[in-house]
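Before any comments, here is the structure.
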Amino acid sequence: MNTEATDILAARTRELLGHWFQERRFARGELLWREGETSGLLVSIRSGHVKVYRLLPIGRAVTLFVFGPGDVFGFLPFLDGEPYPAYAQAIEDVVADVMPRADLVEAVRSNPDVAMTLMSFLGRRLRDAFDRIENQSTPGAVARIASAIHALVTQEATSSTPVVVEFPMSAAEFAGAIGVSPETLSRAVSKLAADGIVHRLGAGRLQILDLATLSSLARPSGI
């Protein structure tokens with residue numbers, strides 16, 4: 001995933017729509033919307049994580065995306081007029097800036113740059129989806145998982161202090177969100193642990209022992 005391009009588009013969206021946003025809090029487990037709803041919200045996360053998932057006919061949930069601080073999402077129904085194709089749920093307490101559909105429509109009418117930015121955002125997401133499909137069919141799982149773990153490290157972290165990260169969901173859901181099987185995730189974490197890069201602290205909790213090497217591994221592929 002080209003996180004730099006996505007971050008730039010997210011920052012531009014927040015800049016254009018800043019005065020339209022209103023702060024809202026979602027408790028852990030709360031649904032932001034359900035599959036099939038059309039009203040919806042444009043969401044810019046300040047803190048916490050939200051998973052977007054679909055329910056298969058057999059009843060199993062498949063995580064499609066995990067969004068965290070700085071991410072902007074939820075705009076697809078605003079562009080095509082169709083219902084949301086998936087559920088969105090807070091997987092921890094979330095603080096976000098949101099705006100309803102009516103306000104976004106008004107913002108687009110008043111500033112064409114808003115529409116152009118959202119179209120670029122949608123194009124970026126489609127390219128990321130193609131990248132994920134390619135990643136799932138090619139080698140490099142360790143690098144991809146290293147990138148996903150590295151993305152959980154806060155910007156304030158340094159190599160001179162203990163760094164602990166925690167998966168924002170179950171290991172199985174985390175694996176699905178980055179396009180690998182739970183078994184592949186477990187094997188990759190075991191390899192990172194054997195190489196002295198991370199240390200398992202418990203289910204979904206890792207201490208980063210070698211932040212520089214993790215960062216180096218994360219750079220080539222990304223998620």
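Measure nothing but the geometry: give the 0 to 90° angle between the long axis through the Cα atoms of 112-136 and the longest principal axis through the Cα atoms of the chain, rounded to 10°.
Tilt of helix 112-136: around 30 degrees.
Counting helices only, and only those DSSP H runs with n ≥ 4, report the 222 nm mean residue ellipticity of the chain as the sum of -39,500 (n - 2.57) divided by its residues, in deg cm²/dmol to the nearest 500. List each step's numbers first, then the result.
Working: 8 runs with 93 residues, N = 223.
That comes out to -13000 deg cm²/dmol.
By how many degrees, 0 to 90 and rounded to 10, does the Cα axis of helix 3-17 deviate from the longest principal axis of the chain?
Between the helix axis and the principal axis of the chain, the angle is about 30 degrees.
What is the extension gain from Arg25 to Asp103, computed as 0.36 nm multiplied by their sequence separation minus the C-alpha to C-alpha distance, in nm to one decimal? Don't jump to the answer; show the numbers that get you there.
Details: separation 78, 0.36 × 78 = 28.08 nm, distance 1.88 nm.
Here the segment from Arg25 to Asp103 would lengthen by 26.2 nm.
By how many degrees, between 0 and 90 and to the nearest 10, does the Cα long axis of helix 101-110 differ from the longest principal axis of the chain?
Helix 101-110 and the main axis of the chain meet at about 70 degrees.
Using a/c under 1.5 as the rounded threshold, could you call region 139-218 rounded, prolate or oblate? The axes a ≥ b ≥ c are square roots of the C-alpha gyration tensor eigenvalues, and prolate needs a/b larger than b/c, oblate otherwise.
Values: a/c = 1.60, a/b = 1.41, b/c = 1.14.
Prolate, because a/c is 1.5 or more and a/b exceeds b/c.
Could you work out how much longer the chain between Leu126 and Val62 gets when fully extended? Use 0.36 nm per residue separation minus the Cα distance between them, nm to one decimal. It would help to have the intermediate numbers written out before the result.
Working: separation 64, 0.36 × 64 = 23.04 nm, distance 1.82 nm.
Net length gain for the segment: 21.2 nm.
List the pair-distance distribution P(r) of region 4-92, using every Cα-Cα distance, as the percent of pairs falling in each 10 Å bin from 0 up to the bin containing the longest distance, rounded to whole percents.
Values per bin, smallest distances first: 16, 48, 33, 4, 0.
We did not get these values from a lab; they are worked out from the coordinates using the rules stated. Source: prediction; values computed, not measured.
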